[in-house]
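The values are calculated or read from the model by the stated rules, or taken from the named source; none is laboratory data. Source: prediction; values computed, not measured. In this analysis, Cβ positions are derived from the backbone assuming ideal geometry, glycine residues included, and neighbour counts consider all displayed protein chains. SASA here: full protein model, heavy atoms, side chains in, ligands and nucleic acids out. Shrake-Rupley method; radii C 1.70, N 1.55, O 1.52, S 1.80 Å.
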Amino acid sequence: MWHPIKHFITITRHRHKVMINCFRCGLIKQGLLHDLSKYGFTEFHLGAKYYIGIKSPHYNERLDKGYSDGWMHHKGRNKHHIEYWTDINQETHLYEPVKVPDRYLAECLCDRIAASENYNRKHFERQMVLDYFDREAQFLPMHVDTRRKLRELIVMYVEKGKKETFKYVRKNLRGKKTSY
């Protein structure tokens, strides 16, 4: 089913939530540039084609084709996605996860919170962000330090809320291009 308007509304609502979260963390440029690739032809066309409203369209595309062109395109252009951060280890010559720089880890947190709020609008609880992370983290190619740090940030968000967590991010992670 083709749902360009519903898809546009969903991605725009999500983008605005992430933008506000990023602004509160002091990540102005990242907030402004967040997920712009979703409006390009490749991602927008596939998102509208596989739109379901309660989950990412990538889910339906994978059911249909066995993989998601939209996701492959998206994760390769957006540094706030854990999957972006894999590279060839010079010793083993294998693709392995590398540490995500702090400012992209902070944007990843903002993105995860906004996605959970967006897909669970009527029944959203902060714990959902942690539950989702714990369910999927074991399957993501994520550096062990990145996994630990991101989980700590999510737990902080669950326990202390946005205000305290974003204050911590603003003070400790915002401008850092290097990893922890």
**Asked** Given (1) of a type outside the set (Gly, Ala, Ser); (2) in contact with a strand residue (DSSP E or B) (Cβ under 9 Å, 6 or more places away or on another chain); (3) in a loop (DSSP other than H, G, I, E, B), where does TYR51 come up short, assuming only one miss?
**Response** (2)
**Request:** Check ARG147 against each of (1) part of a loop (DSSP other than H, G, I, E, B); (2) out of contact with any Cys (no Cβ under 9 Å at 6 or more places or on another chain) and name the one condition it does not meet.
**Result:** (1)
**Item:** Any chance GLU61 is touching a helix residue (DSSP H, G or I) at 6+ places or on another chain (Cβ under 8 Å), assigned to a helix (DSSP H, G or I) and surrounded by 18 or more Cβ atoms within 10 Å (Cβ to Cβ)
**Value:** yes
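How many residues, within the range 125-163, are aromatic (Phe, Trp, Tyr) and either open to solvent by 60 Å² or more (accessible area, probe 1.4 Å) or more than 22 Å from HIS34 (Cα to Cα) (or both)? Please lay out each step first, then the result.
Taking the range 125-163 as the starting set, the residues that turn out to be aromatic (Phe, Trp, Tyr) are 132-133, 139, 157.
After this cut, where a residue has to be either open to solvent by 60 Å² or more (accessible area, probe 1.4 Å) or more than 22 Å from HIS34 (Cα to Cα) (or both) as well, the list is 132, 139.
Here the count works out to 2.
Counting only residues that are of a type in the set (Ser, Thr, Tyr) and in a helix (DSSP H, G or I), which one in the range 64-105 is farthest from ARG174 (Cα to Cα)? Lay out the reasoning, then the answer.
Residues of the range 64-105 of a type in the set (Ser, Thr, Tyr): 67-68, 84, 86, 92, 95, 104.
Remaining after also requiring in a helix (DSSP H, G or I): 84, 104.
Numbers: TYR84: 19, TYR104: 9 Å.
Ranking the qualifying residues of the range 64-105, first place goes to TYR84.
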**Request:** Note down all Cβ pairs under 7 Å where the first residue falls in the range 20-36 and is in a helix (DSSP H, G or I), the second is among the β-branched types (Val, Ile, Thr) and buried (at least 21 other Cβ atoms within 10 Å of the Cβ), and they're at least six residues apart or on different chains.
**Result:** ASN21/ILE113; CYS25/VAL169; GLY31/VAL18
**Message:** Tell me yes or no: at least one residue of the range 4-16 is among the aromatic types (Phe, Trp, Tyr), farther than 15 Å from HIS80 by Cβ and open to solvent by less than 50 Å² (accessible area, probe 1.4 Å).
**Reply:** no
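Scan the range 112-120 and give yes if some residue there is open to solvent by 40 Å² or more (accessible area, probe 1.4 Å) and either touching an Asp or Glu at 6+ places or on another chain (Cβ under 8 Å) or within 25 Å of LYS55 (Cβ to Cβ) (or both), otherwise no. Spell out how you get there, then give the answer.
Within the range 112-120, the subset open to solvent by 40 Å² or more (accessible area, probe 1.4 Å) is 119-120.
Those left that are additionally either touching an Asp or Glu at 6+ places or on another chain (Cβ under 8 Å) or within 25 Å of LYS55 (Cβ to Cβ) (or both): 119-120.
The answer is yes, given that some residue of the range 112-120 is open to solvent by 40 Å² or more (accessible area, probe 1.4 Å) and either touching an Asp or Glu at 6+ places or on another chain (Cβ under 8 Å) or within 25 Å of LYS55 (Cβ to Cβ) (or both).
Which is at pLDDT below 95 and more than 21 Å from THR146 (Cα to Cα), of LYS122, LYS65, LYS49?
Exactly one residue qualifies, and that residue is LYS122.
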**Prompt:** Is at least one residue of the range 88-103 crowded, with 19+ Cβ neighbours inside 10 Å, touching a Phe, Trp or Tyr at 6+ places or on another chain (Cβ under 9 Å), free of Cβ contacts under 8 Å to residues at least 40 places away in the same chain and among the charged types (D, E, K, R)?
**Reply:** no
**Fill in**
ALA48: passes all of (1) farther than 23 Å from GLU136 by Cβ; (2) open to solvent by 80 Å² or more (accessible area, probe 1.4 Å); (3) touching a residue at least 12 places away in the same chain (Cβ under 8 Å) but (2)
**Request:** Kindly indicate which of ARG151, ARG174 is under 19 Å from ILE20 (Cβ atoms) and in contact with a helix residue (DSSP H, G or I) (Cβ under 9 Å, 6 or more places away or on another chain).
**Result:** ARG174
